[in-house]
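> This structure is in structure tokens; I'll ask about it shortly.
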Amino acid sequence: MGYKTKEWRNEMRVTVDFNYMMSKSLGDNGIKDSELRALKDKAEQAFDYVAKNRGRDDLFMGWTELPYNQDAIVADILATAKEVRKKFKYFVVLGIGGSALGPIMAFNALKHLHYNELGPKERGGPKFYVEDNVDPVRMQALLDVIEPEKTCFNVISKSGATSETMTQYLIIADILKKAGVSLPDNMIFTTDESRGNLIKIDQSFGGKFKKYVLPDGVGGRFSELCPVGLLPAAVLGIDIKAMLAGAAYMDSLCSKPSISKNPALACAALQYITMLQGKNINVLMPYSDNLKLMADWYCQLWAESLGKAVDYAGNTVNAGTTPVKSLGVTDQHSQVQLYIEGPFDKVITFISVGQYGCEMPIPHGCEDIPDVGFLGGHTMQELIQAENKATAYALMRAGRMNYTINLPEVNEFTLGQLMYLLELQTAYTGALLNINTFNQPGVENGKKATFALLGKKGYEGQKNEMDSAPPLDDKYIV
Ligand code: PA5
């Protein structure tokens, strides 16, 4: 891929068009230039906060440096991926949340939409599955279609203490042991460098597992550009260097402390202004099946990062807006009616694609039926793009705020840009809100309650507390 030439990078540049957020398009429903100007100092402070703390492990800002500091790791990953592709028929990610959403998002974005159904030659790599749940039916379904001895399992968990991932591990480890397979032959761990249960398991096998490090300063939801995402992507034959180059390129496009020159800061400012107006629903609507799971990945990034009870000053703020995933054009026939006529409580972000992987001409036919005949001679690409533009326009005409992230095409380089843009946008928004973007106390509380319910040692206090909660009343069960 020619990502090293300046011209190509420019051609593949991801841009943000926020005309339909502004009063020039929306009248009184839009943001005035003066409101953006009024945010100038605060936006600069948010920019400075992120710039000043780049790479700091103690603040979980190690993700900012991932495009630059992984040369040796990338080389190692590429070598491992080559072996895995040769040796295994299936590759399965065991993980959840930040350890699963990135790998499956990149798979969806960059591989054939029916990849697993292709023959081995067309696929060029192992069949690929990501288990990001503990639904027993899902686990059984996986076991029905893979051959565990011919499968490489990538166990991804920073803490090695996540019940879901460790349950998946226990089930697979048991199956492999019973099949006489030595676990290190069929498993790769991606985990903390020195702590956690996967490290203990590895030690009990004499350090025989192949391991990749989930760096200290990188939280799960910001981890797609470290081995969490890079190994599965490389196994799938995705150009991970191009993905990292895309992220670095977006970083360079976001190097100015100005809303009009920094796309991530612009998006953060728009989200922040609209949050203060009470618009508490944040819809991400890619017009591309390849980017459908980008919306899932983004929902976690946004929700877990910004949904916080208190700010740094100790005030109760209950910050955050609710991310909603939507797919164009599919959800035009499901959600868009609400977006156009329902409450004025949403901001819609479209992701548009300039050139799809194929255009798919629409043949002529039914010329005597005007409602159908007009379609002939166009392409599906034209149709989806026209519907995307038309929906943005219709929303604008109805006074509804929306903006568009434009991808010239979906490839490794543009995906890297998009991920980094959304990560930076989230970090800037957190800084504008003066909250800790990188912790997740709410999720941790849920994890502890699960431990208590399943009788884990050390969680007796939590169990007692749960037992002493008011009993459920039958009259509220119908
Ligand atoms: O973003 C996060 O930090 C979380 O979603 C974690 O990725 C998730 O809870 C899994 O944690 P772990 O990687 O420790 O198993």
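> Go through segment 179-267 and tell me which helices (runs of 4 or more DSSP H), entirely inside it, have 2 or more residues that are touching a residue at least 60 places away in the same chain (Cβ under 8 Å) and within 16 Å of the ligand (Cβ to nearest atom). Don't jump to the end; show me each part of the working.
On the way: elements: 183-186, 197-204, 227-235, 240-253.
Answer list for segment 179-267: 227-235.
> State the number of residues belonging to segment 456-478 that are without any contact (Cβ under 8 Å) to a residue 12 or more places away in the chain and within 33 Å of the chain's Cα centre (by Cα).
So the count comes out to 2.
Residue by residue, here is whether (1) more than 17 Å from the chain's Cα centre (by Cα); (2) within 25 Å of residue 130 (Cα to Cα); (3) crowded, with 24+ Cβ neighbours inside 10 Å holds:
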site	(1), (2), (3)
219	no, yes, no
231	no, yes, yes
234	yes, yes, yes
251	yes, no, no
257	yes, no, no
272	yes, no, no
276	yes, no, no
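> If you check every pair at least six apart or on different chains, which have Cβ atoms under 6 Å apart with a residue in segment 357-383 that is free of Cβ contacts under 8 Å to residues at least 24 places away in the same chain first and a residue that is in a helix (DSSP H, G or I) second?
That search, which allows pairs on different chains as well, returns 359/381; 360/380; 366/372; 366/373; 367/373.
> Let me ask something additional. Being more than 26 Å from residue 299 (Cα to Cα), hydrophobic (A, V, I, L, M, F, W, C) and in contact with a Leu (Cβ under 8 Å, 6 or more places away or on another chain) narrows it down to one of 81, 75, so name that one. If you could, list the steps in order and put the result at the bottom.
On the way: 75 fails: in contact with a Leu (Cβ under 8 Å, 6 or more places away or on another chain).
Being more than 26 Å from residue 299 (Cα to Cα), hydrophobic (A, V, I, L, M, F, W, C) and in contact with a Leu (Cβ under 8 Å, 6 or more places away or on another chain) holds for just one of 81, 75, which is 81.
> Moving on. Restricting to segment 323-339, name every residue that is more than 14 Å from residue 286 (Cα to Cα) and exposed (fewer than 15 other Cβ atoms within 10 Å of the Cβ). Explain how you work it out, then say what you get.
Just the residues of segment 323-339 that are more than 14 Å from residue 286 (Cα to Cα), to begin with: 333-334, 337-339.
The answer is 333, 334, 337, 338.
> Criterion first (of a type outside the set (Asp, Glu) and without any contact (Cβ under 8 Å) to a residue 60 or more places away in the chain) does residue 303 satisfy it? Spell out the reasoning first.
Values: of a type outside the set (Asp, Glu): yes; without any contact (Cβ under 8 Å) to a residue 60 or more places away in the chain: yes.
Here the answer is yes, as residue 303 does meet what is asked.
> Out of the residues in segment 281-301 that are in a helix (DSSP H, G or I) and touching a Gly at 6+ places or on another chain (Cβ under 8 Å), state the one that is surrounded by the fewest Cβ atoms within 10 Å (Cβ to Cβ).
Our first condition is that a residue be in a helix (DSSP H, G or I); within segment 281-301, this holds for 289-301.
Add one more test, that the residue is touching a Gly at 6+ places or on another chain (Cβ under 8 Å), and what stays is 290, 297, 300.
Numbers: 290: 22, 297: 28, 300: 20.
By that ranking, first place goes to 300.
> If you go through segment 119-134 one residue at a time, how many are under 21 Å from residue 149 (Cα atoms) and among the hydrophobic types (A, V, I, L, M, F, W, C)?
The qualifying residues number 2.
> Take segment 303-351 and flag every residue that is part of a helix (DSSP H, G or I) and either within 16 Å of the ligand (Cβ to nearest atom) or under 19 Å from residue 442 (Cα atoms) (or both). Let's see the steps before the verdict.
Quick first cut of segment 303-351, residues part of a helix (DSSP H, G or I) only: 303-306, 330-333, 336-341.
Within segment 303-351, 303, 304, 305, 306 meet the criteria.
> Follow-up. What helices (runs of 4 or more DSSP H) lie completely within segment 28-121 and have 2 or more residues being over 22 Å from the mean Cα position of the chain (by Cα) and within 27 Å of residue 268 (Cα to Cα)?
Numbers: elements: 33-38, 40-52, 71-87, 101-110.
Where helices (runs of 4 or more DSSP H) fall fully within segment 28-121 and carry at least 2 residues being over 22 Å from the mean Cα position of the chain (by Cα) and within 27 Å of residue 268 (Cα to Cα), they are 33-38, 40-52.
> In this structure, is residue 270 more than 15 Å from the ligand (Cβ to nearest atom), assigned to a helix (DSSP H, G or I) and closer than 30 Å to residue 6 by Cα?
Numbers: more than 15 Å from the ligand (Cβ to nearest atom): yes; assigned to a helix (DSSP H, G or I): yes; closer than 30 Å to residue 6 by Cα: yes.
Considered against the rule, which asks whether it is more than 15 Å from the ligand (Cβ to nearest atom), assigned to a helix (DSSP H, G or I) and closer than 30 Å to residue 6 by Cα, residue 270 comes out as yes.
> Same structure again: Return the residues of segment 77-109 that are among the charged types (D, E, K, R) and buried (at least 17 other Cβ atoms within 10 Å of the Cβ); say none if nothing qualifies. Steps first, please.
Let us first name the residues in segment 77-109 that are among the charged types (D, E, K, R), namely 82-83, 85-87, 89.
Within segment 77-109, just 85 meets the criteria.
> A further question follows. Name the residue that is modelled with the lowest pLDDT, counting only residues in segment 122-132 that are outside any loop (DSSP other than H, G, I, E, B) and within 16 Å of the ligand (Cβ to nearest atom).
Once the filter is applied, the top-ranked residue is 131.
> Does segment 260-278 hold any residues that are farther than 17 Å from residue 15 by Cα and of a type in the set (S, T, N, Q), and which are they? Give the derivation first.
So in segment 260-278, the residues farther than 17 Å from residue 15 by Cα come out as 272-278.
274, 277 - these are the residues of segment 260-278 that are farther than 17 Å from residue 15 by Cα and of a type in the set (S, T, N, Q).
> Where residues in segment 96-116 are at negative phi and among the small types (Gly, Ala, Ser), which of them is farthest from the ligand (Cβ to nearest atom)? Please lay out each step first, then the result.
Restricting attention to segment 96-116, the residues satisfying the condition of being at negative phi are 96, 98-116.
If we keep only those that are among the small types (Gly, Ala, Ser) too, we end up with 98-100, 102, 106, 109.
On the way: 98: 3, 99: 4, 100: 8, 102: 9, 106: 16, 109: 19 Å.
Across segment 96-116, the extreme among qualifying residues is 109.
> For segment 273-293, enumerate the residues that are more than 16 Å from the ligand (Cβ to nearest atom) and of a type in the set (A, V, I, L, M).
Here is the first cut: in segment 273-293, the ones more than 16 Å from the ligand (Cβ to nearest atom) are 273-292.
Across segment 273-293, the qualifying residues are 273, 275, 276, 281, 283, 284, 285, 291.
> Looking at residue 452 and the list (1) in contact (Cβ under 8 Å) with a residue 24 or more places away in the chain; (2) closer than 27 Å to residue 157 by Cβ, which single condition is not satisfied?
Evaluating residue 452 over (1) in contact (Cβ under 8 Å) with a residue 24 or more places away in the chain; (2) closer than 27 Å to residue 157 by Cβ leaves (1) as the failure.
> Suppose we filter segment 352-390 for residues that are touching a strand residue (DSSP E or B) at 6+ places or on another chain (Cβ under 7 Å) and either assigned to a loop (DSSP other than H, G, I, E, B) or on the phi > 0 side of the Ramachandran plot (or both); how many remain?
Residues in segment 352-390 being touching a strand residue (DSSP E or B) at 6+ places or on another chain (Cβ under 7 Å) and either assigned to a loop (DSSP other than H, G, I, E, B) or on the phi > 0 side of the Ramachandran plot (or both): 3 in total.
> Follow-up question, since we're still on this one. When the residues of segment 133-170 are filtered to those that are more than 21 Å from residue 235 (Cα to Cα) and more than 16 Å from the ligand (Cβ to nearest atom), which remaining residue is surrounded by the most Cβ atoms within 10 Å (Cβ to Cβ)?
Looking at residues that are more than 21 Å from residue 235 (Cα to Cα) and more than 16 Å from the ligand (Cβ to nearest atom), I get 139.
> Residue 89 - would you say it is of a type in the set (D, E, K, R), away from the ligand (no atom under 16 Å from the Cβ) and without any contact (Cβ under 8 Å) to a residue 60 or more places away in the chain? Explain how you work it out, then say what you get.
On the way: of a type in the set (D, E, K, R): yes; away from the ligand (no atom under 16 Å from the Cβ): yes; without any contact (Cβ under 8 Å) to a residue 60 or more places away in the chain: no.
No.
The values are calculated or read from the model by the stated rules, or taken from the named source; none is laboratory data. The shown structure was predicted, so the numbers you read here are calculated from the model rather than taken from an experiment. Glycine also receives a Cβ, built like all others from the backbone with ideal geometry; neighbour counts cover every protein chain displayed.
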